[in-house]
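What follows is calculated from the coordinates using simple rules that are stated; it is not laboratory data. Because the structure is predicted, anything quoted here is derived from the model rather than measured. Using ideal geometry, Cβ is built from the backbone for each residue, glycine included, and neighbour counts are taken over all protein chains shown.
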Amino acid sequence: MNTRRTFLARVALPVLVAGGLTWWGSAPPARAADEGITTLVDINGTVSGVPESVVFSGTASINSRLAPDPDFGKHKVVLIVDLRNVSGVGATTLTKYVISGPDIMHRRLGATDLVNITFPFAPEGTTGTEDARPGLASFALSFDTNTGAVTAATAGLGSP
């Protein structure tokens with residue numbers, strides 16, 4: 001009995017504790033899929049309205065990340081659509097208009113998807129929502145259904 005206790009105290013217990021600490025304290029392996037995959041797409045169009053129509057152009061950034069559903073198998077894709085590199089110019093006053101902030105959404109993953117985003121835009125340098133107006137960005141996306149990556153994208157802007 002004394003031999004058994006000595007073996008547990010000297011060999012087995014330290015091995016189990018060290019193994020448990022290693023498992024508990026180690027971070028999970030990094031995966032590129034957790035960060036998503038970014039696709040850039042040229043986008044342009046005109047938002048009509050008062051006080052003037054605004055002609056937009058630039059590059060939209062679409063980050064996509066697979067969100068698997070292990071229980072029901074209805075995988076989703078997390079999309080982060082960033083229009084901050086898209087700007088507009090007023091048709092009559094030549095005022096520069098800007099778009100702020102990305103839009104984050106969860107969509108059911110399929111081979112293709114049509115995504116419409118209503119976004120606010122305002123004259124550059126203004127604060128608050130008093131001068132903001134809505135625009136509509138439309139994206140036709142194709143996906144790799146195994147990874148959630150966007151494989152093809154076209155985009156346009158217009159009035160909501």
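Computed from label points 7 Å out along Cα-Cβ, the spacing between N85 and E124 is 1.7 nm. Subtracting the Cα-Cα distance of S100 and D144 from their residue separation scaled by 0.36 nm leaves 13.0 nm.
Near A149, the amide H atoms lying under 5 Å from its own belong to D144; only residues 5 or more places off or on other chains count, and H is placed 1.01 Å from N.
Segment L136..T39, full-extension length gain: 33.0 nm, with 0.36 nm per residue of separation and the alpha-carbon distance subtracted. What the phi angles of segment 104-120 give under the Karplus curve with 6.51, -1.76 and 1.60, with θ = phi - 60°, is a coupling list of 10, 8, 10, 10, 5, 7, x, 5, 9, 7, 10, 10, 10, 10, 8, 10, x Hz, glycine and proline written as x. On the basis of the beta-carbon distance and an R0 of 41 Å, A152 and T92 show a calculated FRET efficiency of 0.70.
Can you give the extra length, in nm with one decimal, that the chain gains between S159 and A111 once fully stretched, where that is 0.36 nm per residue apart less the Cα-Cα distance?
Extra length from S159 to A111 when fully extended: 14.6 nm.
Each residue in S87, S64 was given a count of other beta-carbon atoms within 10 angstrom of its own, and listing them fewest first yields S87, S64.
For segment 105-151, the C-alpha radius of gyration divided by 2.2 N^0.38 Å, with N the number of residues, is 1.62.
3J(HN,Hα) couplings calculated from phi for segment 78-83 with the Karplus curve 6.51 cos²θ - 1.76 cosθ + 1.60 (θ = phi - 60°) are, in sequence order, 8, 10, 10, 9, 10, 9 Hz; Gly and Pro show x.
Residue by residue, segment 57-72 carries 3J(HN,Hα) couplings of 7, x, 10, 8, 10, 10, 9, 10, 9, 5, 10, x, 10, x, 7, 10 Hz when phi is fed to the Karplus relation 6.51 cos²θ - 1.76 cosθ + 1.60 (θ = phi - 60°); x denotes Gly or Pro.
In terms of its C-alpha gyration tensor, segment 76-160 has a prolate overall shape, because the principal axis ratio a/c (a ≥ b ≥ c, square roots of the eigenvalues) is not below 1.5 and a/b outweighs b/c.
Charged neighbours of H75, selected by a Cβ distance under 13 Å, balance to +1 (K, R count +1; D, E count -1).
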